[in-house]
Amino acid sequence: MRVLDVSDLPVGTADSRALLWWGNLGMMAIEGTMFALLLATYLYLRMVNLDWPPASVPMPDLLLPTINLVMLVLSCGVMLMADRAALRGNVTLVRIGFAVCVLVGIAFLVLRAMAMSMIGFKWSSHAYGSVIWTSVGMHTFHMIAATGEALLLLIYSLVRKVEKKQLLDFRCTAVYWYFVTISWLPFYVIVWLLPHLSRKS
């Protein structure tokens with residue numbers, strides 16, 4: 001009877017060899033499909049409606065949404081630092097990166113609420129309102145989830161000793177943060193920029 005000695009193998013891994021890593025990617029593929037369907041819905045409605053956005057829709061203010069976008073994109077650099085630190089086992093840098101991103105996430109949500117309070121139409125006003133509010137709402141829920149997850153992991157890292165297998169959780173959250181940022185880019189264009197471009201043309 002042969003015996004295989006696996007005592008020298010690592011107890012856990014914080015990279016793509018872990019099943020959790022692929023489960024996280026699978027979840028993002030599902031959620032990415034949802035965002036793609038929302039984008040397709042918007043484009044379809046734009047093709048079949050001559051008045052799009054409707055003439056009753058006020059021109060959106062770009063200041064707060066643009067500040068929000070810049071904050072979110074820049075926070076990916078901080079999250080990347082935390083991601084690389086988790087791969088190296090540097091818990092201190094992970095804590096710093098996650099603390100910064102939690103603050104960015106909270107500020108983002110506050111500015112998002114302010115921007116949407118000034119958008120000038122409701123989800124029930126017309127089809128345009130429905131698809132815009134649904135798209136922004138879905139992304140807002142994802143941002144709440146990303147911020148909440150980062151906060152919980154930050155608290156965990158402060159009250160408990162972080163083992164190598166927990167570092168994978170930080171890395172998966174970082175990848176989810178990138179996903180939430182990238183998924184917002186086309187919706188920033190359709191919600192805030194396209195109304196300005198369509199009125200000019």
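Among the candidates T92, T140, T66, the residue that is in contact (Cβ under 8 Å) with a residue 40 or more places away in the chain, of a type in the set (S, T, Y) and part of a helix (DSSP H, G or I) is uniquely T66. Residues that are open to solvent by 80 Å² or more (accessible area, probe 1.4 Å) and either without any contact (Cβ under 8 Å) to a residue 40 or more places away in the chain or among the polar types (S, T, N, Q) (or both) within segment 113-127 comprise S117, K122, W123, listed in sequence order.
Per the conditions (1) closer than 16 Å to P53 by Cα; (2) modelled with pLDDT of 95 or more, the sole criterion not satisfied by S124 is (2). Taking into account only those residues within segment 37-58 that are out of contact with any helix residue (DSSP H, G or I) (no Cβ under 6 Å at 6 or more places or on another chain) and either among the charged types (D, E, K, R) or not in a helix (DSSP H, G or I) (or both), which is most open to solvent (accessible area, probe 1.4 Å)? By that ranking, first place goes to L50. Evaluate the following for K165: is it in a loop (DSSP other than H, G, I, E, B) and open to solvent by 20 Å² or more (accessible area, probe 1.4 Å)? Taking the combined requirement at face value, the residue does not satisfy it. Within segment 21-36, the residues that satisfy the criterion of being open to solvent by 30 Å² or more (accessible area, probe 1.4 Å), under 15 Å from the mean Cα position of the chain (by Cα) and hydrophobic (A, V, I, L, M, F, W, C) are L25, M27, A29, I30, M34, A36.
Scanning segment 61-97 for residues that are touching a Lys or Arg at 6+ places or on another chain (Cβ under 6 Å) and open to solvent by 50 Å² or more (accessible area, probe 1.4 Å) turns up nothing.
As a summary of the residue check, Q166 satisfies the conditions (1) more than 21 Å from G77 (Cβ to Cβ); (2) polar (S, T, N, Q); (3) in contact (Cβ under 8 Å) with a residue 60 or more places away in the chain except for the one numbered (3). One residue alone among V110, V104 is aliphatic (A, V, I, L, M), buried (at least 16 other Cβ atoms within 10 Å of the Cβ) and assigned to a helix (DSSP H, G or I), and that residue is V104. In segment 153-162, how many residues are surrounded by 14 or more Cβ atoms within 10 Å (Cβ to Cβ) and basic (K, R)? Summing the residues that are surrounded by 14 or more Cβ atoms within 10 Å (Cβ to Cβ) and basic (K, R) in segment 153-162 gives 0.
Checked against (1) assigned to a helix (DSSP H, G or I); (2) in contact (Cβ under 8 Å) with a residue 40 or more places away in the chain, S130 meets all criteria but (2). Of all the residues in segment 186-199, those that are in contact (Cβ under 8 Å) with a residue 12 or more places away in the chain and surrounded by fewer than 15 Cβ atoms within 10 Å (Cβ to Cβ) number 4.
The values are calculated or read from the model by the stated rules, or taken from the named source; none is laboratory data. Since this is a predicted model, take the numbers as computed values, not measurements. Don't worry about glycine lacking a Cβ; one is built from the backbone with ideal geometry, like all the others, and counts go over all protein chains shown. Side chains included, ligands, DNA and RNA excluded: accessible areas come from the protein's heavy atoms. Shrake-Rupley method; radii C 1.70, N 1.55, O 1.52, S 1.80 Å.
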